[in-house]
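Got a structure here, written out as structure tokens. Questions coming.
The values are calculated or read from the model by the stated rules, or taken from the named source; none is laboratory data. These numbers come from a predicted model, not from an experiment. All Cβ positions, glycine included, derive from the backbone under ideal geometry; neighbour counts span all protein chains shown. Calculation scope for accessible area: heavy atoms of the full protein, side chains included, ligands and nucleic acids excluded. Shrake-Rupley method; radii C 1.70, N 1.55, O 1.52, S 1.80 Å.
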Amino acid sequence: MRYAIYFTPRQDEPLARIAANWLGRDPFGAATRPVEAVGDLSAAEVAFHTASARRYGFHATLKAPFRLAPSETEASLRAALNTFAEATPPVVVPRLVVGQIDGFFALVPEAPFAPLNGFAGEVVRAFDRFRAPLTEAEIERRSPDALRPDEFRNLCQWGYPYVFDTFRFHMTLSGRVGPQESPRLRAAIDSLFADVLGQPVPVDALTLFVESEHGAPFMVLSHHALGQGPARKTA
């Protein structure tokens, strides 16, 4: 079993609904759903390009998936999330845009946004005590030879290469896409998300996801509103 601390909009928000339809899965306890054709992309093409992102659900990584430290429990993790969330104000991202990172499409901030990076770093530090150290196999799965020295140090120290100075806020929408297919996929994503991307996006909660067994889809376990009191159990 692994846990992850992500940001994802509430289930009833337009951004979350559109993303769930695009990916073919709602991580808030709902079953998978058939994907639909979008623009010039057939339903089969959308399903193919979203397959790798579908298992994780629509999210932005704050604390990457981790096994629980032997000294901690799910209850202690959720209690700490409550305490952190109650004391931490939301961060409002002025605008998200469609971007491409290492070949995969994602929603990313339109411009660097220091408050968001600072918030993400606080989450990494605050919850690292709950993370069991990576095994050699887990490190190998991150392709360490392909990482820069600072990314490899982050992987070993914090369990994830992309934290602090290397952090990249992104909400993944596809697997890696080659240059020939990228224009068609970008056009489809642009058309689907156009109406919601004109609005600021409040990062107003921490969401605890769980992978019940290796390879299982990540599901929402609890949603912890920032600066607004106790967690709301959702699954």
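Does segment 41-136 come out rounded, prolate or oblate by the C-alpha gyration tensor, with a ≥ b ≥ c the root eigenvalues, rounded set by a/c under 1.5 and, if not, prolate when a/b is larger than b/c and oblate if not?
oblate
Rounded to a whole number, what % of the accessible area of segment 96-235 do carbon and sulfur atoms account for, probe 1.4 Å?
53 percent
In addition: Given (1) 112; (2) 147; (3) 124, which label gives volume of the Cα convex hull per residue in Å³ as computed from the coordinates?
Read-out from the structure maps to (3).
So, one more: Based on the Cβ-Cβ distance from Ala47 to Ala87, what FRET efficiency comes out when R0 is 41 Å, to the nearest 0.05?
Efficiency at R0 = 41 Å is approximately 0.50.
What accessible area per residue comes out for segment 156-235, rounded to a whole number of Å², with a 1.4 Å probe?
In whole numbers, segment 156-235 has 46 Å² accessible per residue.
Working out 0.36 nm times the residue gap between Ala79 and Asp195, then minus their Cα-Cα distance, what length gain in nm do you get to one decimal?
Working it through step by step, the gained length comes to 38.1 nm.
Here is a follow-up. Rounded, prolate or oblate for segment 150-235? Axes are the square roots of the Cα gyration tensor eigenvalues, ordered a ≥ b ≥ c, and the cut-off for rounded is a/c under 1.5.
Oblate shape, in that a/c is at least 1.5 and b/c is the bigger or equal ratio.
If you don't mind, another one. Kindly report the accessible area of segment 1-90 per residue (heavy atoms of protein chains, probe 1.4 Å, no ligands, DNA or RNA), in Å².
With all protein chains present, segment 1-90 gives 44 Å² per residue.
Now for a different question. Calculate the FRET efficiency for Cys156 and Arg10 from the Cβ-Cβ distance with a Förster distance of 30 Å, rounded to the nearest 0.05.
Computed FRET efficiency for Cys156 and Arg10 comes out at 0.30.
Label Ser212 and Asp102 with points 7 Å out from Cα along Cα→Cβ: what is the distance between them in nm?
The two pseudo-label positions are separated by 2.9 nm.
Calculate the length of the line joining the C-alpha centroid of segment 174-231 to that of segment 55-95, in whole Å.
15 Å
Ok, one more. What part of the accessible area of segment 2-44, given as a whole %, is carbon or sulfur when the probe is 1.4 angstrom?
Reported share for carbon and sulfur atoms: 50 percent.
Could you work out how much longer the chain between Asp40 and Ile139 gets when fully extended? Use 0.36 nm per residue separation minus the Cα distance between them, nm to one decimal.
31.7 nm
Then there is this: Let me know the charge dipole size of the chain about its Cα centre in debye, to the nearest 20, where only the beta-carbon of Lys, Arg (+1) and Asp, Glu (-1) is charged.
300 debye
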